[in-house]
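The next block holds one structure in the form of structure tokens; read it before the comments.
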Amino acid sequence: MRLADALKFSLKKIPRLDAELIICNILSIDRPQMLTHGDEIISDKILKKIKEQVAKRAEGFPTAYILGEKDFYKHTFKVAPGVLIPRPETELLVEGAIEHLRGNQGSVQVLDMGCGSGCLGLSIAAELKNVFLTAVDISKDAIRITEDNARQLGIANRTKTKLASVENLSVEQKFNCIVANPPYIAHHDLDIDPSVKRFEPGEALFAEENGYEKIRAWSLKAWDLLEKGGFWATEIGHTQSERTYKILETAGFNNIKITKDLSGKDRMVSGVKLYG
Ligand code: GLN
């Protein structure tokens, strides 16, 4: 079959961008190359692979899991079922942390709570060469993938991973900056995309206490683990800013800020540990 016909076949089942990404990934070519090589004949083996992956996508299986990677901030991260797929909104936390840390002389200790693919902490460490990252997750898959991503970015020598629950994390050191994209969706929330619910890890999405369980527990833990002057930032659901603000206030944080994402929704709450 011609490459152009394989694309045409795929477009009957899935959106164009997904089809192009899947085909390019299988053939190891880029999108401009694909569009200029439409007459090329592809083997039956390749065609079978394209059909299989298109069928998976048509069932709602996420494109990032099919490709095994996702772009986030300035890099491409390895992903697999078992870790949350990086979302563009989460880049806000990278920017917030970098803004707080830029200009710091000497080494800076950063903790990524519930690191998943590692995209959040690793993006900060890749940007600021004086950052030493500790990435913690309760999932073995997450730790393995974070380590792969650290190697891929060439910053494994500044990255330490820990397989542990954030609540039970015990570390000797303190941190200058702690970031997290915790699970924050309430179990009964009907707003969640069905394919997210079906294919992405529930432990990275859902939390007790109406979604606040980890936001609260991790904010308290962050307070304990921060140096004086340290920065804490958590991602939140767009209706959770008010209560999260109070959680940070109660924990003792100052300079508490709510930041909106590009679609104008409250998405990040941050604070500084000025005293204590
Ligand atoms: N923003 C994600 C979603 O709605 C949820 C991420 C999270 O719970 N941390 O799919």
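The values are calculated or read from the model by the stated rules, or taken from the named source; none is laboratory data. Every value quoted in this text rests on a predicted model; they were computed, and no experiment measured them. Positions of Cβ are generated from backbone atoms using ideal geometry, with glycine treated the same way; all protein chains shown enter the neighbour counts. Accessible surface areas use protein heavy atoms only, side chains included; no ligands, DNA or RNA. Shrake-Rupley method; radii C 1.70, N 1.55, O 1.52, S 1.80 Å.
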**Request:** Output the residues belonging to segment 6-26 that are over 19 Å from F199 (Cβ atoms), open to solvent by less than 50 Å² (accessible area, probe 1.4 Å) and not β-branched (V, I, T).
**Result:** A6, L7, S10, E20, C24
**Request:** Considering only residues that are out of contact with any strand residue (DSSP E or B) (no Cβ under 8 Å at 6 or more places or on another chain) and within 16 Å of the ligand (Cβ to nearest atom), look in segment 202-238 and name the one that is most open to solvent (accessible area, probe 1.4 Å).
**Result:** E203
**Prompt:** Is one or more of the residues making up segment 46-61 open to solvent by less than 50 Å² (accessible area, probe 1.4 Å) and in contact (Cβ under 8 Å) with a residue 60 or more places away in the chain?
**Reply:** yes
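Of all the residues that make up segment 27-45, how many are under 30 Å from the mean Cα position of the chain (by Cα) and surrounded by 14 or more Cβ atoms within 10 Å (Cβ to Cβ)?
So the answer is 3.
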**Prompt:** Taking segment 259-276 only, how many residues are within 16 Å of the ligand (Cβ to nearest atom) and open to solvent by 20 Å² or more (accessible area, probe 1.4 Å)?
**Reply:** 8
**Asked** Can you name every residue in segment 18-39 that is closer than 20 Å to E52 by Cβ and either in contact (Cβ under 8 Å) with a residue 12 or more places away in the chain or of a type in the set (D, E) (or both)?
**Response** D18, A19, E20, L21, I22, I23, N25, I26, L27, M34
**Prompt:** Is it the case that some residue within segment 189-199 is touching a Ser or Thr at 6+ places or on another chain (Cβ under 8 Å), over 23 Å from K228 (Cβ atoms) and open to solvent by 30 Å² or more (accessible area, probe 1.4 Å)?
**Reply:** no
**Asked** Mind checking which pairs have a first residue in segment 78-106 that is away from the ligand (no atom under 14 Å from the Cβ) and a second that is part of a helix (DSSP H, G or I) and open to solvent by 20 Å² or more (accessible area, probe 1.4 Å), Cβ under 7 Å, 6 or more apart or different chains?
**Response** K78/D148; K78/Q152; A80/D141; P81/F199; G82/D141; I98/E127
**Request:** Could you please give the count of residues in segment 239-274 that are part of a loop (DSSP other than H, G, I, E, B) and more than 16 Å from I178 (Cα to Cα)?
**Result:** 7
